[in-house]
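Trainee: This is the structure, below, for whatever I ask next.
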Amino acid sequence: MSGLIPYLMFPGNAAEALEHYRAVFGGELQLVDYAQAGRHDGPGDAVAHGQLSGPVEVAGADAGADDDAVQMSGMFLSLLGTADASTLTGWFDRLSNGGRVIDPLQKRHWGDYDGTLVDRYGIRWLIGFRDED
């Protein structure tokens, strides 16, 4: 059994977004377009289902005619302690490229590091780690 995997509905740029996440996190990306899935509620080359498998798992698709594209308010995708400090710092930097840092990745008064950002696709991320002793 795996953990929670976010499934994001994109406004027509799912292939680009999921490829970006593959470049950030590594892993294997599988894409199935509307034509392959037998869907007719959008362009044949739209993504009907995409899945990134690897150190971070994310799934998504292009929003269909009756679907809403993702809008994030009041939540973050959290990567707290999910990898070593160097990896998490790299992910923070790559995700913030073309996006917006809300709160820089920094040491907090309680001793842990964390930071928040909105990536170029409007997805909010909370990334952090503890000092490695």
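Trainee: Suppose a student asked you for the relative contact order of the chain, using Cα pairs under 8 Å spaced at least 6 residues apart; what percent would you report? Numbers along the way, then the final one.
Mentor: Numbers: 263 pairs, mean separation 28.7, N = 133.
Rounded, it is 22 percent for the chain.
Trainee: Another one. For the range 32-43, just list the computed ³J(HN,Hα) in residue order, Karplus coefficients 6.51, -1.76 and 1.60, θ = phi - 60°, integers in Hz, with x standing in for Gly and Pro.
Mentor: Listing the rounded values in order: 10, 8, 4, 4, 4, 8, x, 8, 10, 9, x, x Hz.
Trainee: Sticking with this structure for a sec: Where the Cα atoms of the range 1-48 are projected onto their three principal axes, how long is each span, largest first, in whole Å?
Mentor: Its Cα atoms span 31, 25, 18 Å along the three principal axes.
Trainee: Using only the Cα atoms of the chain, what do you get for the radius of gyration and for Dmax, in Å?
Mentor: 15.9, 55
Trainee: Considering only protein heavy atoms, with the full assembly of protein chains and a 1.4 angstrom probe, order 110, 125 by accessible area, largest first. Could you put the intermediate results ahead of the total?
Mentor: Details: 110 145, 125 5 Å².
I get 110, 125, largest accessible area first.
Trainee: To continue, here is another question. What are the residues whose amide H is under 5 Å from the amide H of residue 78, where those residues sit 5 or more places off or on another chain and H is modelled from the backbone?
Mentor: Long-range HN contacts for residue 78: 126.
Trainee: Going from most exposed to least, what order do 126, 52 have by accessible area with a 1.4 Å probe?
Mentor: Details: 126 40, 52 0 Å².
In descending accessible area the options line up as 126, 52.
Trainee: Could you tell me the accessible area of residue 78 in Å² (1.4 Å probe, neighbours in place), rounded to the nearest ten?
Mentor: Counting only protein heavy atoms, the figure is 70 Å².
Trainee: Here's something else I'd like to know. Could you work out how far the C-alpha centroid of the range 1-61 sits from that of the range 110-133, in angstrom?
Mentor: 23
Trainee: Of all beta bridges DSSP finds with both residues in the chain, what is the antiparallel percent, to the nearest 5? Provide the component values of the computation, followed by the final result.
Mentor: Numbers: 20 of 28 bridges.
So the antiparallel bridges amount to about 70 percent of the total.
Trainee: So what are the ³J(HN,Hα) numbers for the range 11-17, from phi and the Karplus equation (6.51, -1.76, 1.60; θ = phi - 60°), rounded to whole Hz, Gly and Pro as x?
Mentor: x, x, 10, 4, 4, 5, 5
The values are calculated or read from the model by the stated rules, or taken from the named source; none is laboratory data. All figures in this text were calculated on a predicted structure; none of them were measured in a lab. Side chains are part of the model used for accessible areas, which takes the heavy atoms of the whole protein and leaves out ligands, DNA and RNA. Shrake-Rupley method; radii C 1.70, N 1.55, O 1.52, S 1.80 Å.
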